[in-house]
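One structure below.
The values are calculated or read from the model by the stated rules, or taken from the named source; none is laboratory data. None of the values given here were measured: they were computed from a predicted structure. Don't worry about glycine lacking a Cβ; one is built from the backbone with ideal geometry, like all the others, and counts go over all protein chains shown. Surface accessibility is based on the protein's heavy atoms, side chains included, excluding ligands, DNA and RNA. Shrake-Rupley method; radii C 1.70, N 1.55, O 1.52, S 1.80 Å.
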Amino acid sequence: MVEIEKWVVENDKKLAGKNLVFYYEFDNGEAYSDHYTYVTGPYFKTIKQAFDYMMADSEMKPSILEDYKNGESTLLFEEKSHVAFTPSWSATLEHMEYWAD
């Protein structure tokens with residue numbers, strides 16, 4: 001857990017001053033026609049806020065995931081009760097740029 005908390009702090013520092021908003025993309029883990037993802041609020045100004053929000057849900061466990069396309073790492077939360085070879089919910093931390101007036 002210490003490594004994940006360190007990653008959160010380092011990435012917040014690295015992205016400080018950028019006009020970014022963070023949110024989670026949820027995935028139901030199903031395959032084919034039963035598969036779906038969705039994005040819903042809340043939205044966060046920092047990775048730390050997003051991390052703390054998900055840590056308040058005791059049903060999810062955090063990990064760091066590296067994107068195979070661009071090599072960037074991101075925060076992933078998965079259900080603690082996940083059983084191998086069965087679908088389970090996950091939430092991936094995403095971000096987008098916004099334009100401040």
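Loop only per DSSP, at most 15 neighbouring Cβ atoms within 10 Å: give me the GluC sites (Glu not before Pro) in segment 8-80, ordered by residue number.
Working: sites: GLU10, GLU25, GLU30, GLU59, GLU66, GLU72, GLU78, GLU79; in loops: GLU30, GLU59, GLU72.
Here the GluC sites (Glu not before Pro) that fit, given the DSSP loop and packing criteria, are GLU30, GLU59, GLU72.
Translational diffusion coefficient, Stokes-Einstein: compute it for the chain using the Kirkwood radius over C-alpha pairs as Rh, at 20 °C and 1.002 mPa s, and state it as an integer in µm² s⁻¹.
Numbers: Rh = 14.6 Å.
Roughly 147 µm²/s, to the nearest whole number.
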Nearby lysines by direct alpha-carbon distance to LYS45 (threshold 19 angstrom, same-chain neighbours under 8 apart not counted): LYS6, LYS13, LYS14, LYS18
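First compute the accessible area of the chain with a 1.4 Å probe, then give the percent of it belonging to carbon and sulfur atoms.
Numbers: 3750 of 7230 Å².
Reported share for carbon and sulfur atoms: 52 percent.
For segment 1-75, state which chymotrypsin sites (Phe, Trp or Tyr not before Pro) are in a DSSP loop and have at most 15 other beta carbons lying within 10 Å of their beta carbon. Before the final figure, lay out the partial values.
Values: sites: TRP7, PHE22, TYR23, TYR24, PHE26, TYR32, TYR36, TYR38, TYR43, PHE44, PHE51, TYR53, TYR68; in loops: TYR36, TYR68.
Passing sites in segment 1-75 are TYR36, TYR68.
How high is the relative contact order of the chain? Use alpha-carbon pairs under 8 Å, at least six apart in sequence, and give a whole percent. Don't skip to the answer; put the middle values down first.
Working: 153 pairs, mean separation 32.8, N = 101.
33 percent.
Hey, got the dipole for the chain? About the Cα centre, +1 on K and R Cβ, -1 on D and E Cβ, debye to the nearest 20? Write down the numbers at each step before the final one.
On the way: 9 positive and 19 negative charges, 72 e Å.
Here the size comes out at about 340 debye.
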- line: Out of THR37, THR74, THR46, a Gaussian network model of the chain with alpha-carbon springs under 10 Å gives the largest mean-square fluctuation to THR37
query: If the chain between ASN19 and ALA31 were fully stretched, how many nm would it gain, using 0.36 nm times the residue separation less the Cα-Cα distance?
result: 0.8 nm
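Might you tell me the accessible area per residue for the chain, computed with a 1.4 Å probe and given in Å²?
Working: 7230 Å² over 101 residues.
Counting only protein heavy atoms, the per-residue value for the chain is 72 Å².
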Lysines with Cα under 18 Å of LYS80, excluding same-chain neighbours fewer than 8 positions away: LYS61
- request: Express in nm, to one decimal, how much length is gained between MET1 and SER73 on full extension, taking 0.36 nm for each residue of separation and deducting their alpha carbon distance.
  value: 24.3 nm
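With Cβ to Cβ distances under 15 Å as the rule, what net charge do the other residues near GLU78 carry (K, R +1; D, E -1)?
Details: positive: LYS61, LYS80; negative: GLU25, ASP27, GLU30, ASP57, GLU59, GLU79.
Charge balance near GLU78 sits at -4.
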- line: Helix 2-15 sits off the longest principal axis of the Cα atoms of the chain, rounded to the nearest 10 on a 0 to 90 degree scale, by 40
query: For the chain, what is the calculated [θ] at 222 nm in deg cm²/dmol (nearest 500), taking -39500 (n - 2.57) for each run of four or more DSSP H residues and dividing by its residue count?
result: -7000 deg cm²/dmol
Formal net charge of residues neighbouring TYR38 (Cβ-Cβ distance under 10 Å; K, R +1; D, E -1): -2
